[in-house]
1. If you add up the charges near B:ARG478, with Lys and Arg at +1 and Asp and Glu at -1, over every other residue whose beta carbon is less than 14 angstrom from its beta carbon, what do you get?
2. Show log10 I(q)/I(0) for segment B:267-368 at q = 0.11 Å⁻¹, two decimals, from a solvent-free Debye sum over equal Cα scatterers.
3. In what sequence, highest mean first, do B:380-389, B:429-438 appear when ranked by Cβ atoms within 10 angstrom?
4. Suppose R0 equals 35 Å; then what is the FRET efficiency for A:ASN4 and A:GLU127 from their Cβ-Cβ distance, rounded to the nearest 0.05?
5. Quick one: pull the percentage of alpha-carbon pairs in segment B:518-618 with a separation above 23 Å.
6. Consider just the alpha-carbon atoms of segment B:2-59 and return their Rg together with their Dmax, both in angstrom.
7. As a footprinting exposure proxy, order A:GLU44, B:GLU34, B:GLU10 by other Cβ within 10 Å, with the fewest listed first.
8. Listed highest first by mean packing, meaning other Cβ atoms within 10 Å per residue, what order do A:154-160, B:13-19, B:98-104 come in?
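Nothing in this text is a laboratory measurement; each read-out follows from the coordinates by a stated rule. Here the structure is a predicted model, which is why all the values come from computation and not from measurement. No Cβ is skipped: glycine too gets one built from the backbone with ideal geometry, and neighbour counts run over all protein chains shown.
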Amino acid sequence: MDSNEHATFRAAIQGDRDAFEMIIRSFSRNLFAIAYGILQNREEAEDVVQDTLVKAWKSRWRVRDPEKFPAWISTIARHRARDLARRRRPEPLPHDFESTETVAAKTETENADLDSEVHAALSQLPELHRMAVTLRYFEELDYATIERTLGLTNGALRGILGRALGLMRRRLKPALASIA
Amino acid sequence: MSTIHEQIDELLAADLHGELSGAERDAFHAHLVECADCRHAFQEEKNMHKLLNETIADKKADAGFEQRMVSRFRDRVPQRPGLIQLVTNLVRLRAVQLTAAAALLLSMIQMGRVITGESALRLMSLDASRSVRESELAKSPSSVTRDSGVLAYKSDSPGRGADESAAKWTSVAGIVAQNPAPLPQDKPETETPLPVTVYSADVLTRQASTAPKTKKAETKDERSKTDAATSEPEPSESTSTTAGPTANRKLVRNATAELEVVSFEEAVQKITGFAADEKGYVSTSSSEKQANGKLRGQVVVKVLPDNLDRFLLKLRGLGELKNQALTTEDVTKQYFDTESRMKNARLMEQRLIEILKTKSKDVADLLEVEKELGRVREEIETMQGELKFMDSQVQFAAVTIQLSEKNMNIPAAFLLKERAQLALYATEVEKTYNDIKALASPKVQITNAQINRDNTGRVSSYVYMLIAPEESEAIISRVKAMARVENFQVQTERVAQGGDGLGESAKTERDKVVLNITISREEQEQSLQQTTLRIRSSEVNDKTKELRDLAEKQNGRIRSSSFSRDSNGREYANVSLRVPMKNYSALMQSLNTLGRVEDVTVRRDDRPDSQVNQADAPTDITIQVYSQGNIVSQETGIVATLRHTIGQGATALMWSARMIGVALAFLAPWVLALVGIGWVMRRISRARRARKQHAEEQDGLS
């Protein structure tokens, strides 16, 4: 994080609205990616980002260390999104890992819709993996930034993204074959 | 190589995302060349990457997203007015919070100070000074009590300091005198204790009243040299401090004071000194010796009126001020009346003289004129005398001081009155009573003697006697030897005669000794020690008899005894006896010969305040001699042990059951309460869940 960004965070924490709006501009896309990763619904994700920003503004003084501002605001977004998801689906996702066969069966029936297939595969990933994927593919962020945003330790993301893509690849094998 | 193969997922993604370092990339691509599986995976991953970029990336936030977010944020969190914003921001700052906490603490301390007396003291002193000022004008008698404070102050601070503070206050006093309503706001910077504050207030008013007078006196002198005809009659004025109009007044100031002093001569000397200090003199002094050898007298001192107040203040240091009065008489009118009448008389005189000189024809007329002249001259002289007298009175203020030496009478003699009380215990009350009565002689007078016997046969008696002082000790010790002393008290009183002080030289005389004796029967005395014990023996009756003999031998007396036999053939004999303390241990020793002594309990009542002779004091012993029943003669052997053990075991079991009961009684309410709370909580959560489910169902339907 450069010192300029640091100063912006500090000013926002101390109640500078302009600084906070600057943060909104530079940061709300990431938040959207996080929320979308969890919810896979754009309208809901947008609402979550909106709520997150208001909540962050109201409780900004709780952040003592400006360094941790991005991780903190991401956590808020994550919790909000998760709350919403839970409200939407009281039962947790019933099966984390469906067998490839069923996915394959599905793909046969809904062959035409690649898009929904990809989403189905994405929705079956663990939450953290989903967020990592959306952050990467929405905003093309480098690994270090994603790690900072999600509060991950240095180097952890590579494993997560690798695993996420691997899982999806295996699940989407037939579809991928059709592309090729 | 193998690690690359294992981490293939990770490396594939990182490669596509451009997050591999150069070395990693080289190694990875080298592996791809070798490994067909990985190559295949790489191809898939590429497709996958492409697919994701095509599908998911579409879903990302649109271009206007940020602007939308910002504007919605502005809608939802309206900008608050600057001041409120500032305040809320400030409140959230750690430093501000700390400061606020400190301020709160300080204000609490300050409030505590207000509630507990620190500022209350200040208020009190303020009130005191106000009241002093008010009462000063009226010269109320309370000034005497205030002056004790003045004296205290003077005694513990150097006089110079006091003068300085007085000087400092004079300016303030001037303000007060002109405008008496508001209080002086510039209070002393240092916090002074109450009496001192009162003192300064006192000085303040004193100065306020004297300062203008000083001015007045000066101007008065000047004006009296010139003609004072311009003076107009004025209403009589109080001692208030309005300066100016009093300037050419003729005021006669007089004071009287009554003092109680330790030494008359010393006081007179000091007064003379004070008078000299204040440019005055002692005009008369008289004294008389009183019956008690104390001097009492009167001193009249003349001082300049300006110095009168200071002089009076000094006087207070001499002794206890009992009375003081200050009078001011305005003789202005009288003075100037006399003066103008004298002028007229002078004119008359002149005219008469002229008549004598010019028109001296008729002798009869001449004589008449001569006579008139004589009368006028006489009048003039009288008036001159009057004026002189008034001048002298005005010039000096007379202070009449009544002095009396403190009454510290030395008594002529002391009478030593002795009053003794003696309580006795006697075995035979009547005999002792008679013995005591037999002591009567001219030097031992029996004033009252009585013997009582009530219906239970209890006897008590008392003898009151008066003994000549020289005989008293002998008689008292003889009476003491007749019986056991329960209590002996002597009261001595020294009565001073003809005075109330301490006379070191006065001699002391002994009065007759009053001796009150009460005699009660020994039985009534409470025992010093109570012992109970049991003796097991097979022959109860015989042993009881032996016991009686033993007790007799040790000077003991049997007070009660009983015997009983129960259905099991067990026999009990209870004996209670009383022995003197000195024989107690010997008796206890001898009891061992009767059988096994069991269950000994000893209770001792020490009475530290009584004067009972410990060795003679009675102790009660209650002895139970008993025999075991016939069924089991001796409690030894297997059966007895077994029975004992089982009995004890049962007892222990019962005891533990009881303890469990107690524990349950302790725990039960808590357990009940916890169960109740748990039940309520579960009900609540169930109800909440049900409501939620219901709401969701509604949502689903809609």
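1. Details: positive: B:LYS437, B:LYS443, B:LYS480; negative: B:ASP435, B:GLU471, B:GLU473.
Net of charged neighbours comes to 0.
2. -0.60
3. Values: B:380-389: 14.0, B:429-438: 17.4.
Those peptides, ordered most packed to least, come out B:429-438, B:380-389.
4. Details: r = 32 Å, r/R0 = 0.92.
Calculated transfer efficiency: 0.65.
5. Details: 1539 of 5050 pairs.
For segment B:518-618, the fraction of Cα-Cα distances above 23 Å is 30 percent.
6. Reported Rg and Dmax, both Å: 12.0, 38.
7. Details: A:GLU44 17, B:GLU34 11, B:GLU10 21.
Least to most surrounded, the residues fall as B:GLU34, A:GLU44, B:GLU10.
8. Working: A:154-160: 17.1, B:13-19: 20.0, B:98-104: 10.7.
Ranked from most to least packed, the peptides come out as B:13-19, A:154-160, B:98-104.
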